[in-house]
Amino acid sequence: MRTTKISFKQNIGNTDRLIRIAIGILLMLLVFYNIVTSNILRNLLIITSTVLLIEGVIGY
């Protein structure tokens, strides 16, 4: 049985990391200052901003 190893190389630069972090912070601010009032949209923004912040900090 052959196994295939999948390897993902890191493809993110410093500029891309800063942009992801900035957008993540901006989306969080929209939620915390109650600019977005829809519960569904708030939840989507929280999830999206969390993913962006984690990707920006980890750099992957």
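The values are calculated or read from the model by the stated rules, or taken from the named source; none is laboratory data. Owing to the predicted nature of the structure, the values given are computational and were not obtained by experimental measurement. These accessible areas exclude ligands, DNA and RNA; they are computed on the full protein's heavy atoms, side chains included. Shrake-Rupley method; radii C 1.70, N 1.55, O 1.52, S 1.80 Å.
Tabulated values for the structure
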read-out: Residue selected from segment 36-50 under the condition of a type in the set (A, V, I, L, M, F, W, C) and at pLDDT 95 or above, by the criterion nearest to the chain's Cα centre (by Cα); value: I47
read-out: Single residue of segment 9-48 satisfying the filter (open to solvent by less than 70 Å² (accessible area, probe 1.4 Å) and of a type in the set (S, T, N, Q)) that is farthest from G59 (Cα to Cα); value: S38
